[in-house]
Amino acid sequence: IRGSVVGLDYNAKMLGIARSGKGSNGINVSFVRGDAMNLVRNEQSSVDGMEQFVPNSFDAVTQMFGIGGISDPLKVFQGVLQILKPGGQYFLIDMHQPLASEPGEWPFLLKWLRFPRFEAMTYEQTTIPLALNRLWGWRDTTLDFYWLPLITCEGVSGDRWGFKVINFETESQRWWLGLPIMPVGKIIVEKVIISQEEYQKRRKILSLIAY
(Lines give C-alpha, C1' and ligand atoms only; values in the text may rest on other atoms or scores of the structure.)
Protein backbone atom coordinates (compact mmCIF):
# COMPACT_ATOMS: atom_id res chain seq x y z
CA ILE A 1 0.00 0.00 0.00
CA ARG A 2 1.44 3.35 -1.02
CA GLY A 3 0.55 6.50 0.85
CA SER A 4 1.51 9.07 3.43
CA VAL A 5 0.57 8.94 7.08
CA VAL A 6 0.59 11.87 9.50
CA GLY A 7 0.68 11.24 13.23
CA LEU A 8 -0.51 14.23 15.26
CA ASP A 9 -0.19 14.84 18.99
CA TYR A 10 -0.16 17.89 21.24
CA ASN A 11 2.48 16.42 23.54
CA ALA A 12 6.04 16.93 22.25
CA LYS A 13 7.43 14.08 24.39
CA MET A 14 4.91 11.64 22.98
CA LEU A 15 5.96 12.67 19.48
CA GLY A 16 9.59 12.04 20.40
CA ILE A 17 8.73 8.51 21.48
CA ALA A 18 6.82 7.95 18.24
CA ARG A 19 9.72 9.16 16.08
CA SER A 20 12.13 6.81 17.85
CA GLY A 21 9.92 3.79 17.19
CA LYS A 22 10.18 1.08 14.58
CA GLY A 23 10.18 1.68 10.84
CA SER A 24 7.04 2.06 8.75
CA ASN A 25 7.66 -0.66 6.11
CA GLY A 26 8.17 1.79 3.31
CA ILE A 27 5.15 4.02 4.03
CA ASN A 28 5.94 7.71 4.38
CA VAL A 29 5.16 8.57 8.02
CA SER A 30 5.61 11.97 9.65
CA PHE A 31 4.87 13.01 13.23
CA VAL A 32 3.78 16.59 13.87
CA ARG A 33 2.68 18.66 16.83
CA GLY A 34 -0.81 20.04 16.59
CA ASP A 35 -4.07 20.79 18.38
CA ALA A 36 -6.88 18.42 17.48
CA MET A 37 -9.36 21.22 18.23
CA ASN A 38 -7.71 23.47 15.66
CA LEU A 39 -6.97 21.31 12.62
CA VAL A 40 -7.94 23.57 9.72
CA ARG A 41 -5.42 25.97 8.22
CA ASN A 42 -6.69 29.50 7.62
CA GLU A 43 -5.62 33.05 8.37
CA GLN A 44 -7.82 33.38 11.44
CA SER A 45 -6.72 30.19 13.20
CA SER A 46 -2.99 29.92 12.51
CA VAL A 47 -1.00 28.90 15.60
CA ASP A 48 2.78 29.14 15.82
CA GLY A 49 4.48 25.77 16.22
CA MET A 50 1.26 23.83 15.55
CA GLU A 51 0.62 21.96 12.32
CA GLN A 52 -2.65 22.65 10.50
CA PHE A 53 -4.10 21.26 7.30
CA VAL A 54 -5.90 22.61 4.27
CA PRO A 55 -9.50 21.47 3.70
CA ASN A 56 -10.11 18.33 1.62
CA SER A 57 -6.61 16.95 2.07
CA PHE A 58 -7.02 13.53 3.79
CA ASP A 59 -8.49 10.26 2.58
CA ALA A 60 -8.97 8.98 6.13
CA VAL A 61 -8.57 10.08 9.74
CA THR A 62 -8.33 7.74 12.72
CA GLN A 63 -8.55 8.53 16.42
CA MET A 64 -8.08 5.69 18.86
CA PHE A 65 -8.60 6.32 22.59
CA GLY A 66 -7.86 10.03 22.38
CA ILE A 67 -11.12 11.98 22.17
CA GLY A 68 -11.76 11.55 25.91
CA GLY A 69 -8.79 13.74 26.76
CA ILE A 70 -10.10 16.65 24.66
CA SER A 71 -12.36 19.21 26.29
CA ASP A 72 -14.40 20.09 23.19
CA PRO A 73 -14.89 17.05 20.93
CA LEU A 74 -17.24 18.98 18.64
CA LYS A 75 -14.34 21.18 17.49
CA VAL A 76 -12.38 18.03 16.67
CA PHE A 77 -15.23 16.54 14.65
CA GLN A 78 -15.77 19.83 12.82
CA GLY A 79 -12.10 20.00 11.87
CA VAL A 80 -12.00 16.38 10.77
CA LEU A 81 -15.02 16.90 8.52
CA GLN A 82 -13.30 19.85 6.84
CA ILE A 83 -9.89 18.27 6.25
CA LEU A 84 -11.35 15.03 4.87
CA LYS A 85 -11.77 14.72 1.12
CA PRO A 86 -15.28 14.06 -0.21
CA GLY A 87 -15.91 10.39 0.48
CA GLY A 88 -13.14 10.33 3.09
CA GLN A 89 -13.72 8.33 6.25
CA TYR A 90 -13.19 8.94 9.97
CA PHE A 91 -12.64 5.98 12.31
CA LEU A 92 -13.19 6.66 16.03
CA ILE A 93 -12.61 4.21 18.89
CA ASP A 94 -13.12 5.01 22.56
CA MET A 95 -15.02 4.07 25.71
CA HIS A 96 -18.79 3.61 25.60
CA GLN A 97 -21.26 3.04 28.41
CA PRO A 98 -22.52 -0.56 28.63
CA LEU A 99 -25.63 -1.39 26.63
CA ALA A 100 -28.02 -3.69 28.46
CA SER A 101 -28.99 -5.26 25.14
CA GLU A 102 -25.36 -6.07 24.28
CA PRO A 103 -23.62 -7.21 27.48
CA GLY A 104 -20.31 -8.99 27.61
CA GLU A 105 -20.44 -12.77 27.51
CA TRP A 106 -18.67 -15.16 29.91
CA PRO A 107 -18.11 -18.81 28.89
CA PHE A 108 -19.02 -21.27 31.66
CA LEU A 109 -19.74 -24.99 31.32
CA LEU A 110 -20.48 -24.74 27.59
CA LYS A 111 -22.85 -21.82 28.19
CA TRP A 112 -22.63 -18.07 27.69
CA LEU A 113 -23.47 -16.06 30.80
CA ARG A 114 -24.38 -12.35 30.76
CA PHE A 115 -24.40 -9.85 33.63
CA PRO A 116 -25.51 -6.47 32.24
CA ARG A 117 -26.20 -4.96 35.69
CA PHE A 118 -22.75 -5.90 36.95
CA GLU A 119 -21.19 -4.46 33.80
CA ALA A 120 -23.10 -1.18 34.23
CA MET A 121 -22.15 -0.96 37.91
CA THR A 122 -18.47 -1.57 37.13
CA TYR A 123 -18.47 1.16 34.50
CA GLU A 124 -20.13 3.73 36.77
CA GLN A 125 -18.25 2.92 39.98
CA THR A 126 -14.84 1.80 38.68
CA THR A 127 -14.16 2.68 35.04
CA ILE A 128 -15.32 6.32 35.13
CA PRO A 129 -13.86 7.40 38.52
CA LEU A 130 -10.67 5.32 38.46
CA ALA A 131 -9.66 4.64 34.85
CA LEU A 132 -11.11 7.64 33.03
CA ASN A 133 -11.07 10.44 35.60
CA ARG A 134 -8.18 9.62 37.94
CA LEU A 135 -5.77 7.57 35.80
CA TRP A 136 -6.23 9.16 32.36
CA GLY A 137 -7.83 12.49 33.27
CA TRP A 138 -10.60 11.77 30.77
CA ARG A 139 -14.34 12.21 30.66
CA ASP A 140 -16.96 9.66 29.60
CA THR A 141 -16.90 9.58 25.79
CA THR A 142 -20.23 7.84 25.20
CA LEU A 143 -22.09 10.88 23.86
CA ASP A 144 -19.31 11.61 21.35
CA PHE A 145 -20.48 8.71 19.20
CA TYR A 146 -23.93 10.30 18.88
CA TRP A 147 -22.76 13.90 18.41
CA LEU A 148 -20.39 12.90 15.60
CA PRO A 149 -23.08 12.09 12.96
CA LEU A 150 -24.67 15.51 13.58
CA ILE A 151 -21.60 17.56 12.62
CA THR A 152 -21.88 19.68 9.45
CA CYS A 153 -19.91 22.28 7.52
CA GLU A 154 -20.20 24.44 4.42
CA GLY A 155 -17.73 24.21 1.52
CA VAL A 156 -16.27 27.18 -0.34
CA SER A 157 -18.70 26.59 -3.22
CA GLY A 158 -21.70 26.61 -0.88
CA ASP A 159 -22.09 22.85 -0.69
CA ARG A 160 -23.14 21.44 2.66
CA TRP A 161 -21.34 18.46 4.10
CA GLY A 162 -21.97 15.99 6.87
CA PHE A 163 -21.17 12.48 8.03
CA LYS A 164 -22.85 9.28 6.92
CA VAL A 165 -22.53 6.41 9.41
CA ILE A 166 -20.93 3.39 7.73
CA ASN A 167 -20.64 1.21 10.81
CA PHE A 168 -21.22 1.58 14.55
CA GLU A 169 -20.77 -1.15 17.14
CA THR A 170 -19.89 -1.71 20.77
CA GLU A 171 -17.85 -4.53 22.23
CA SER A 172 -17.18 -5.49 25.85
CA GLN A 173 -13.45 -6.09 26.08
CA ARG A 174 -11.47 -7.88 28.79
CA TRP A 175 -9.59 -5.13 30.63
CA TRP A 176 -10.48 -5.63 34.30
CA LEU A 177 -9.17 -8.99 35.61
CA GLY A 178 -9.80 -10.59 32.22
CA LEU A 179 -13.55 -10.05 32.49
CA PRO A 180 -15.60 -8.84 29.48
CA ILE A 181 -16.89 -5.72 31.23
CA MET A 182 -15.03 -2.89 29.49
CA PRO A 183 -17.32 -1.60 26.70
CA VAL A 184 -15.67 0.09 23.72
CA GLY A 185 -17.42 1.91 20.89
CA LYS A 186 -16.23 1.81 17.28
CA ILE A 187 -17.69 4.05 14.59
CA ILE A 188 -16.81 4.72 10.95
CA VAL A 189 -18.35 7.73 9.20
CA GLU A 190 -17.96 9.06 5.67
CA LYS A 191 -17.95 12.66 4.42
CA VAL A 192 -20.94 13.18 2.11
CA ILE A 193 -22.98 16.03 0.66
CA ILE A 194 -26.24 16.66 2.51
CA SER A 195 -29.32 18.68 1.62
CA GLN A 196 -30.16 22.10 3.01
CA GLU A 197 -33.02 20.55 4.97
CA GLU A 198 -30.76 17.89 6.50
CA TYR A 199 -28.11 20.51 7.23
CA GLN A 200 -30.54 22.68 9.16
CA LYS A 201 -32.03 19.70 11.00
CA ARG A 202 -28.66 18.44 12.22
CA ARG A 203 -27.59 21.90 13.35
CA LYS A 204 -30.83 22.37 15.27
CA ILE A 205 -30.59 18.99 17.01
CA LEU A 206 -26.97 19.56 17.94
CA SER A 207 -27.72 23.02 19.37
CA LEU A 208 -30.38 21.49 21.63
CA ILE A 209 -28.41 18.54 23.01
CA ALA A 210 -24.72 19.49 22.98
CA TYR A 211 -23.13 21.00 26.06
(Q) Compute a Gaussian network model of the chain, connecting alpha carbons closer than 10 Å, and tell me which residue from 113, 15, 143 fluctuates the most. (A) 113
Q | With every protein chain in place, the stretch 115-170: carbon and sulfur % of accessible area (1.4 Å) | A | 57 percent
Q) In percent, how large is the relative contact order of the stretch 13-118, given Cα pairs closer than 8 Å and 6 or more residues apart? A) 22 percent
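So if a site counts as exposed when it's one of the GluC sites (Glu not before Pro), its DSSP state isn't H, G, I, E or B, and it has at most 16 other Cβ atoms within 10 Å, what's the longest stretch of the chain without one?
Between exposed loop sites, the widest span is 52-211.
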Q. Between 37, 115, 52, whose Cα lies farthest towards the positive end of the dipole of the chain when Lys and Arg beta carbons carry +1 and Asp and Glu beta carbons carry -1, centred on the Cα centre?
A. 115
Q: Please report, in debye to the nearest 20, how large the charge dipole of the stretch 105-162 is about its Cα centre when each Lys and Arg carries +1 at its beta carbon and each Asp and Glu carries -1 there.
A: 300 debye
Q: Give the residue from 12, 96, 74 lying farthest towards the positive end of the charge dipole for the stretch 1-107; charges sit on Cβ (+1 for Lys and Arg, -1 for Asp and Glu) and the dipole is referred to the Cα centre.
A: 12
Q.
With +1 assigned to the C-beta of every Lys and Arg and -1 to the C-beta of every Asp and Glu, and no other charges, what is the dipole magnitude of the stretch 33-116 about the Cα centre in debye, to the nearest 20?
A. 260 debye
Q: Scan the chain and report its longest stretch carrying no trypsin sites (Lys or Arg not before Pro) that are both in a DSSP loop and have at most 11 other Cβ atoms within 10 Å.
A: 23-211
Q | Taking the stretch 166-211 and dividing mean pair separation by its residue count, relative contact order in percent (alpha carbons under 8 Å, at least six apart) | A | 30 percent
(Q) Just want the answer: with Cβ charges of +1 for Lys and Arg and -1 for Asp and Glu, which residue in 125, 181, 106 is farthest toward the dipole's positive end in the chain? (A) 106
Q) What size of dipole, in debye to the nearest 20, comes out for the stretch 47-185 about its Cα centre when the only charges are +1 on Lys and Arg C-beta atoms and -1 on Asp and Glu C-beta atoms? A) 340 debye
Q) Going down the list 85/164; 75/191; 85/186; 75/204; 164/204, which pairs span over 19 Å between their C-alpha atoms? A) 85/186
Q: Let me have the relative contact order for the chain, percent, based on Cα pairs under 8 Å that are six or more residues apart.
A: 18 percent
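The values are calculated or read from the model by the stated rules, or taken from the named source; none is laboratory data. Fair warning: this is a prediction, and the values are worked out from it, not measured in the lab. For neighbour counting, all protein chains shown are included, and Cβ atoms are generated from backbone atoms with ideal geometry for every residue, glycine included. To get the accessible areas, we keep the full protein, side chains included, count just its heavy atoms, and leave off ligands, DNA and RNA. Shrake-Rupley method; radii C 1.70, N 1.55, O 1.52, S 1.80 Å.
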